[in-house]
Amino acid sequence: MGSELPEIGKISPQIFDEVILPRLGAANKDILVGPQHGVDVGIVEVGGKALSFTCDPVFIVPQYGWERAAWFAIHIIASDSVTSGLKPKYLSIDLNLPMEMTREQLDIMWTVIHQQCEKMGISVITGHTARYDNCHYPMVGGATITGVGELTEYVTPRFAKSGDKIIITKGPAIEASGIFATMFPKLFEREFGKDFSQKVQNIFYKMSVVEDAMTAVGVGVRENGVSALHDATECGIWGGLYEVAQAAGLGVRIEKEKIVIEDGVADICRYFDIDPYASISEGTLLIACRAHKAQDVVKALSGKGINSSIVGELTAPERGMVLVEGGKERKLVHPIVDPFWRAFYGALAKGDK
């Protein structure tokens with residue numbers, strides 16, 4: 001008997017290797033980047049161009065408010081797409097709407113998706129929209145974004161090398177903090193004060209890596225800059241770093257104290273007793289970059305108002321996954337289970353609003 005499915009969340013690398021990876025349909029020589037754990041896009045060559053494809057749920061949470069829910073839904077999908085290094089261009093989307101959704105709610109949701117796509121230069125090219133029984137929030141469909149660029153422009157972990165620097169934007173638990181702040185504003189006002197509650201609610205709109213990624217690759221790619229990109233979603237920074245190194249076939253050495261952290265994040269995670277570095281963090285971009293361009297990437301990000309720092313480097317595989325904390329080295333391990341979900345549903349059950 002192989003590995004079991006997780007209680008909740010993404011399947012493990014073992015399940016992926018045992019069930020998914022051996023069965024990928026027809027072989028095709030045009031595939032440049034195929035399915036791989038820790039890699040969020042597939043890339044193919046078509047007509048001398050590189051096309052990237054990513055596939056994600058349409059994740060709508062009405063409790064965020066319809067505008068915020070729609071903003072987050074499209075940016076989740078686009079954030080995966082831009083980790084290819086290619087500019088996102090086309091959206092195909094399937095909406096399987098719950099029966100309780102109204103025309104007004106759909107209108108708000110779709111208007112925001114349209115506006116954000118227009119802003120990012122993404123055109124909607126096809127889709128399917130209907131209401132069905134047994135369709136429930138937050139998973140209300142699925143979508144694919146296609147990116148387009150030159151064959152020399154895409155990035156992927158196989159381009160990463162030992163000695164590449166690791167840059168992290170925004171720091172840990174961006175998504176966990178943004179969701180907690182949005183869902184429980186009165187709790188934070190009561191525990192930390194009104195100013196704190198208002199400040200941390202702004203973290204919600206940091207839950208996107210579109211500008212981070214496009215800014216980073218604008219400095220240069222492969223031998224001239226960025227070699228790989230990955231957004232730190234489930235299991236946060238620790239999980240994301242492990243996945244990048246594993247996908248590259250390399251080791252990694254990270255100095256925890258060098259990782260930037262947004263104001264309020266540590267307080268939120270301490271209150272809910274979760275490790276910020278293992279918690280879900282859509283909006284945090286992990287960047288592997290040739291050493292001679294790393295400072296240029298940090299400078300370019302700063303010019304866009306995005307906090308980032310050089311926190312370590314990729315190493316030879318035999319050196320393993322190493323985390324330096326308080327001057328001491330220990331093994332970097334994948335958290336496997338993200339602590340956010342249990343804390344979040346526990347807070348909902350208590351009615352901590």
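The values are calculated or read from the model by the stated rules, or taken from the named source; none is laboratory data. Here the structure is a predicted model, which is why all the values come from computation and not from measurement. Note: ideal-geometry Cβ built from the backbone for every residue, glycine included; neighbour counts use all protein chains shown. Side chains included, ligands, DNA and RNA excluded: accessible areas come from the protein's heavy atoms. Shrake-Rupley method; radii C 1.70, N 1.55, O 1.52, S 1.80 Å.
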If you check Val252 against the conditions, is it open to solvent by less than 10 Å² (accessible area, probe 1.4 Å), within 16 Å of Glu318 (Cα to Cα) and either modelled with pLDDT of 95 or more or touching a Pro at 6+ places or on another chain (Cβ under 6 Å) (or both)? yes
Is at least one residue of segment 55-75 assigned to a strand (DSSP E or B) and either among the polar types (S, T, N, Q) or without any contact (Cβ under 8 Å) to a residue 60 or more places away in the chain (or both)? no
Report every pair of residues separated by at least 6 positions or lying on different chains whose Cβ atoms are under 9 Å apart, first residue within segment 8-35 and without any contact (Cβ under 8 Å) to a residue 60 or more places away in the chain, second aliphatic (A, V, I, L, M) and loosely packed, with under 13 Cβ neighbours inside 10 Å. Ile11/Leu5; Ile11/Ile20; Ile15/Leu5; Asp30/Val46; Gly34/Leu24; Pro35/Ile20; Pro35/Leu24
Within segment 186-199, is there a residue that is surrounded by 23 or more Cβ atoms within 10 Å (Cβ to Cβ), small (Gly, Ala, Ser) and in contact with a helix residue (DSSP H, G or I) (Cβ under 8 Å, 6 or more places away or on another chain)? no
If you take the residues of segment 255-271 that are charged (D, E, K, R) and touching a residue at least 24 places away in the same chain (Cβ under 8 Å), which of them is least open to solvent (accessible area, probe 1.4 Å)? Glu262
Can you name every residue in segment 109-141 that is out of contact with any Ser or Thr (no Cβ under 9 Å at 6 or more places or on another chain), in a strand (DSSP E or B) and within 17 Å of Phe72 (Cβ to Cβ)? Met139, Val140
Here is a list of conditions, (1) of a type in the set (Asp, Glu); (2) on the phi < 0 side of the Ramachandran plot; (3) open to solvent by 30 Å² or more (accessible area, probe 1.4 Å), and Glu282 meets all of them except one; can you say which number that is? (3)
Here are Ala247, Ala291, Ala213: which of them is surrounded by 23 or more Cβ atoms within 10 Å (Cβ to Cβ) and of a type in the set (Gly, Ala, Ser)? Ala213
Among Ile274, Ile237, the single one that is part of a loop (DSSP other than H, G, I, E, B) and surrounded by 17 or more Cβ atoms within 10 Å (Cβ to Cβ) is Ile274
Reported set for segment 1-47 where residues are under 22 Å from Leu151 (Cα atoms) and open to solvent by less than 40 Å² (accessible area, probe 1.4 Å) is Val33, Gly34, Gly38, Val39, Asp40, Val41, Gly42, Ile43, Val44
